[in-house]
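Participant: The structure follows.
The values are calculated or read from the model by the stated rules, or taken from the named source; none is laboratory data. Because the structure is predicted, anything quoted here is derived from the model rather than measured. Here Cβ is always computed from backbone atoms with ideal geometry, including for glycine, and neighbour counts include all displayed protein chains. Note: areas computed on protein heavy atoms with side chains; ligands, DNA, RNA excluded. Shrake-Rupley method; radii C 1.70, N 1.55, O 1.52, S 1.80 Å.
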Amino acid sequence: MKKEIRIAGFGGQGVVLSGVILGKAAVLYDRKRAIQTQSYGAEARGGGARSEIVISDEDIDYPKVINPDILVAMSQQALDKYVKDLKPKGILIVDSELVKDLPEDYIFSLYRVPASQIASNEFGRIIVANMIMLGFLVSLTEVVSLKALKNSVRESVPKGTEEMNIKAVERGRKIGEVVIK
Amino acid sequence: MSNKVLTGLHFMQGDIACAEGAIAAGCRFFAGYPITPATEIAERMAKRLPEVGGTYAQMEDELGSMAAIIGASWTGTRAMTATSGPGISLMLENIGYAIATETPCVVVNVQRGAPSTGSATLSFQGDILQARRGSHGEYETIALAPSSSQEMFDLTIKAFNLAEKFRTPVFLLADAFIGHMREEVLIPDKSKINIVKRKLPPCKMSLNEYKSSLDENVAPMPIFGHGFKSHVTGSTHNSYGKRDVTNYEALDYEVKLLSKKISKHKREIISVDSEIKDSNVVLISYGTTYRAVREARKMLKRDNINVGSFRLITLWPFPEEEIEDLAKKVKKIIVLENNLGQIVTYIKAAVKGEAEVIFLPPQVLGTLHKPDYIVDKVKEVI
Amino acid sequence: MIEINEELCKGCGLCVAFCPKDVLKMSNKLTKKGIHPPEVINEKDCTLCGNCMLYCPDLAIVIGKEEKIV
Amino acid sequence: MKIVHPLIKYVRPGFLSTTNCAGCGNGIIAQSILRAVDELEMDIDDFVFVSGIGCAAWIPSPFFNADVLHTTHGRPIAFATGVKLSNPKLRVMVVSGDGDLVAIGGNHFIHAARRNIDLTVICANNGIYGMTGGQVGPTTPSGLKTATTPYGNLERPFDLPNLAKAAGAVYVARWTTYHARQLTKSIKRAVQKKGFSFIEVISQCPVQFGRRTGAGNAVTMMQNYKKNSVSIKKVDKLKENELKGKIIVGEFIDREEPELCEEIAKMRERIG
């Protein structure tokens, strides 16, 4: 089974890191194959940022995502730019605080997660919005195991912030569980 | 915890895998200058080299970086630099110097959109011919094209081994895509990594006794600090290293021997990856382009169309005999490059009319060929 | 003792010009290279100050006491 | 019966006759370097001599019977940086001309000084491009007519010792070929000095500079060096007009600063 995921937003939201965490979780902890690629604007902060992950049980030849199975849009601009690429019946996850303008007709599953809002209200750190998104994404889609995700988060985030980030993942997972029910 | 030896499974960026390959190959000197998309190699080397007793030097420019690694190599140290197009252009004079003085070193070119400043973060295969003929004069080079993070590791080691064995700079022609992409890299135990060391002269001897500094079978390298009293010069020199710049015979002798050193050992240097079977159509690719070819072949197989694949791992010296053999076995050759046609001219020459050669760049330069685009093309020509 | 190596001498005259005791002078003879080398005209005044050696760009002149003779 | 020149033992066999023109200052500089090595009683095999392109680059290459790296135009300091950093035990000396070191190679020059890497850089400054036939250089005096300034040089020359000093060199001196004894002493000091040391040697090019600019032959040029030199120790006592056309010679700076190779060694130890 091969899943193509695109996470997009703006620089500074941890979009690239989110992809790296997913890839690492798949390869190092779930022993799957994964490839992560990225692109971003010339500015270090604030420009468009995109991280793409292909996860598969078999060798991955083509490393790029053309039509993602899952699109996580962390900004309106990202949604506008990439929603057309999403596979029919794919999954679209948006940060409901930042993405208000949604397409009127669609055949994909749409999930609106208030990740940024929860991040700043409950954690006092908007930067953990990406972790909430990852927790949600993984509980919803199981592209990697939750255990692998947590291990990967611990290894990838700055020292001293592990617990906060894990909590944010957990928070996202809870939202996901509610949705699934 | 000691960071000296890195082994096991990693989820690693191509650039980082390249740096780790260099460390594993025994590289202990890196000189560079920041440039996207090669900067991560420098950053990794800056962190790793002091941990293993090596030295990282951030030079004032790429001219200086290339110069510094040549200087380091002459002390017997394995040395590398990494850059992208604009930096390579600045390094080319000293790359020529390394060729003329038979200095082992590795030059990594993480290619980006070009000409000129071009596009720093976009991938491209625009510097293929530059690696062959970029510096002035007549010479042979060695260039390898990795197509995965794992190969960024493996081929960096291979590049060092070839450089050390043949006393010449070796190019690793990566691109922005492979440099920045993360995927799994398995780093074997140190004992499993094959390291070739350069040949040194047997004992302390004067250069006058040392009669084979130009040798088509690669002369031992009289490195500095051992009393060899080496005279190293990029100017035309004879087999004693004596500068002789007004003599056609000396020029003829030096240029021919330096070239022969590579061409004579082509069979040993060249590595290709060929899967032909009974197919009449074969896709020739290298570097990242090969990834698209693999996907396309898988898709074609589902439609019961069997096409072959021929990948150049060694771009230079050019595997003309291998291509010539290939041409006799197939009817059509589709050459995929992420440029407007560089290696394809060499392929056409090697094919000698034995098969039809079709050139296929991506629809949009810089992007990876889309697999269904390749599939459509194959179905069209079949 | 002053010795001039005529094979190395290029005839620039620096040794003559910077000899404080006029021990040397440019000669009229021509060497194989077609230059006029210096000649010793007044060795007894030589103080072995070393200027001629110091300023000869071509290691073509050497002075020394008898015991240094090899 | 023959007396052997005391420095011949340092000359590569078969290369005794140099490619310098008659009266060229390069030979005097070459000797001063070899004399310094001899007087220091150091093993010349511990040295690496690095040079660039131009007549002055031929001072060590291939003349010195030692490890010699004759490099590309303008880059000897960058090559030397690689040699020194990868084997700090080697004594690395760069010998080249003003065009090589401070025109095309100017950036490497100031950055090596800034890094304070333990190199000894000796610049034979003849004020012109000698090898290519007498074109204006970065040290050519203003107003001078050369092959490429037929109406006079409109630019100003570099003041190399002050450039090196400002860039961070720990030892800086200037001499002329007339001051061969002081030069030798200075080279000895520079070789022993930890850090970036720089010596400029004003040197006669009787053929391209002398003939073209009317500065005369080697003898005249060196006699003028003698006449026009002022010790840096006396500079403060002289008025500006008294310094006009003078060559200030002596040691411009001799200071202690952390040296790069030693700092790298310390860093390695620190990170374990």
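Participant: Quick one: in the range B:214-225, which of the residues that are touching a residue at least 60 places away in the same chain (Cβ under 8 Å) and closer than 22 Å to B:Ala67 by Cβ is most open to solvent (accessible area, probe 1.4 Å)?
Facilitator: Residue satisfying both the conditions and the ranking: B:Gly225.
Participant: Taking the conditions exactly as written (more than 21 Å from A:Val20 (Cα to Cα) and touching a residue at least 60 places away in the same chain (Cβ under 8 Å)), does B:Gly26 satisfy them or not?
Facilitator: So B:Gly26 passes the test.
Participant: Let me ask another. Yes or no: A:Lys81 assigned to a loop (DSSP other than H, G, I, E, B), at pLDDT below 95 and within 29 Å of B:Ile374 (Cα to Cα)?
Facilitator: no
Participant: Within the range B:35-65, how many residues turn out to be without any contact (Cβ under 8 Å) to a residue 24 or more places away in the chain and aliphatic (A, V, I, L, M)?
Facilitator: 1
Participant: Mind telling me which of the residues B:Lys261, B:Lys266, B:Lys229, B:Lys256 ends up being surrounded by 19 or more Cβ atoms within 10 Å (Cβ to Cβ), away from chain D (no Cβ under 14 Å) and modelled with pLDDT of 90 or more?
Facilitator: Every option except B:Lys261 fails the conditions.
Participant: Still on this model: Mind checking whether some residue in the range B:144-162 is within 21 Å of B:Ala19 (Cα to Cα) and of a type in the set (Val, Ile, Thr)?
Facilitator: Yes: one or more hits.
Participant: Is it the case that A:Ile60 is within 26 Å of B:Ser147 (Cβ to Cβ), within 11 Å of chain B (Cβ to nearest Cβ) and either open to solvent by less than 10 Å² (accessible area, probe 1.4 Å) or touching an Asp or Glu at 6+ places or on another chain (Cβ under 7 Å) (or both)?
Facilitator: no
Let's see how each residue does on (1) basic (Lys, Arg); (2) farther than 30 Å from A:Asp57 by Cβ; (3) within 14 Å of the chain's Cα centre (by Cα):
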position: A:Ser116; (1), (2), (3): no, yes, yes
position: A:Ser120; (1), (2), (3): no, yes, no
position: A:Leu140; (1), (2), (3): no, no, yes
position: A:Glu162; (1), (2), (3): no, no, no
position: A:Lys167; (1), (2), (3): yes, yes, no
position: A:Arg173; (1), (2), (3): yes, no, yes
position: A:Gly176; (1), (2), (3): no, no, yes
position: A:Ile180; (1), (2), (3): no, no, no
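Participant: OK, next. Search the range B:24-38 for residues being part of a loop (DSSP other than H, G, I, E, B) and within 14 Å of chain D (Cβ to nearest Cβ), and hand back the single one that is surrounded by the fewest Cβ atoms within 10 Å (Cβ to Cβ).
Facilitator: Only one residue fits best here, namely B:Gly26.
Participant: With the structure loaded, tell me whether C:Cys9 is under 17 Å from D:Pro206 (Cβ atoms), assigned to a loop (DSSP other than H, G, I, E, B) and of a type in the set (A, V, I, L, M, F, W, C) or whether it fails that test.
Facilitator: Criteria met by C:Cys9.
Participant: So, one more: Among the residues of the range D:195-223, what is the count of those that are open to solvent by less than 10 Å² (accessible area, probe 1.4 Å), touching a helix residue (DSSP H, G or I) at 6+ places or on another chain (Cβ under 7 Å) and not in a helix (DSSP H, G or I)?
Facilitator: 8
Participant: Would you please name the residue that is farthest from the other protein chains (Cβ to nearest Cβ), looking only at residues in the range D:27-52 that are touching a residue at least 60 places away in the same chain (Cβ under 8 Å) and open to solvent by 10 Å² or more (accessible area, probe 1.4 Å)?
Facilitator: D:Leu40
Participant: Between C:Leu48, C:Leu30, C:Leu14, C:Leu24, which is over 25 Å from D:Ser32 (Cβ atoms) and of a type in the set (A, V, I, L, M, F, W, C)?
Facilitator: Matching residue, one of C:Leu48, C:Leu30, C:Leu14, C:Leu24: C:Leu30.
Participant: Something else now. Look at the range B:316-369 and say how many of its residues are assigned to a helix (DSSP H, G or I) and not hydroxyl-bearing (Ser, Thr, Tyr).
Facilitator: So the count comes out to 17.
Participant: Taking the residues in the range A:137-181 that are part of a loop (DSSP other than H, G, I, E, B) and surrounded by fewer than 22 Cβ atoms within 10 Å (Cβ to Cβ) as candidates, determine which candidate is modelled with the lowest pLDDT.
Facilitator: The qualifying residue modelled with the lowest pLDDT is A:Lys181.
Participant: Given the residues B:Ile69, B:Ile99, which is the only one that is in the same structural domain as B:Asp15 (by TED's automatic domain parsing), touching a strand residue (DSSP E or B) at 6+ places or on another chain (Cβ under 6 Å) and closer than 17 Å to B:Leu172 by Cα?
Facilitator: B:Ile69
Participant: Within the range D:55-171, considering only helices (runs of 4 or more DSSP H) that don't extend past its boundaries, which have at least 3 residues that are surrounded by fewer than 24 Cβ atoms within 10 Å (Cβ to Cβ)?
Facilitator: Hits in the range D:55-171: D:106-115, D:160-167.
Participant: Can you tell me which condition D:Phe15 does not meet? The list is (1) within 9 Å of another protein chain (Cβ to nearest Cβ); (2) at pLDDT 95 or above; (3) open to solvent by 20 Å² or more (accessible area, probe 1.4 Å), and all the others hold.
Facilitator: The number of the failed condition is (2).
Participant: Could you please tell me which pairs satisfy a Cβ distance under 7 Å, a separation of 6+ or placement on different chains, a first residue in the range B:354-382 that is under 19 Å from B:Lys331 (Cβ atoms), and a second residue that is open to solvent by 90 Å² or more (accessible area, probe 1.4 Å)?
Facilitator: Sorted first by the residue in the range B:354-382, then by its partner, the pairs are B:Glu354/B:Lys328; B:Ala355/B:Lys331; B:Glu356/B:Lys331; B:Val357/B:Lys348.
Participant: State which residue is nearest to the other protein chains (Cβ to nearest Cβ) when the search covers only the range B:200-226 and only residues that are at pLDDT below 90 and under 23 Å from D:Trp58 (Cβ atoms).
Facilitator: It comes out as B:Asn208.
Participant: Restricting attention to the range C:17-64, and to residues there that are within 12 Å of another protein chain (Cβ to nearest Cβ) and more than 15 Å from C:Ile4 (Cα to Cα), which single residue is least open to solvent (accessible area, probe 1.4 Å)?
Facilitator: Of everything passing the filter in the range C:17-64, C:Phe18 is least open to solvent (accessible area, probe 1.4 Å).
Participant: Taking the options A:Val54, A:Val72, name whichever one is more than 11 Å from chain B (Cβ to nearest Cβ) and not in a loop (DSSP other than H, G, I, E, B).
Facilitator: None of the other options fit; the residue is A:Val72.
Participant: Spot the failing condition for B:Gly179; the list is (1) open to solvent by 20 Å² or more (accessible area, probe 1.4 Å); (2) of a type in the set (Gly, Ala, Ser); (3) closer than 25 Å to B:Ile193 by Cα; (4) in a helix (DSSP H, G or I), and only one is missed.
Facilitator: The single condition B:Gly179 does not satisfy is (1).
Participant: Consider B:Ser149 carefully, then state whether it is in contact with an Asp or Glu (Cβ under 6 Å, 6 or more places away or on another chain), within 14 Å of chain A (Cβ to nearest Cβ) and either crowded, with 22+ Cβ neighbours inside 10 Å or among the small types (Gly, Ala, Ser) (or both).
Facilitator: yes
Participant: Here are some conditions: (1) farther than 27 Å from C:Met1 by Cβ; (2) within 14 Å of chain C (Cβ to nearest Cβ). D:Leu69 meets all but one. Which one does it not meet?
Facilitator: Going through (1) farther than 27 Å from C:Met1 by Cβ; (2) within 14 Å of chain C (Cβ to nearest Cβ) one by one, D:Leu69 breaks only (2).
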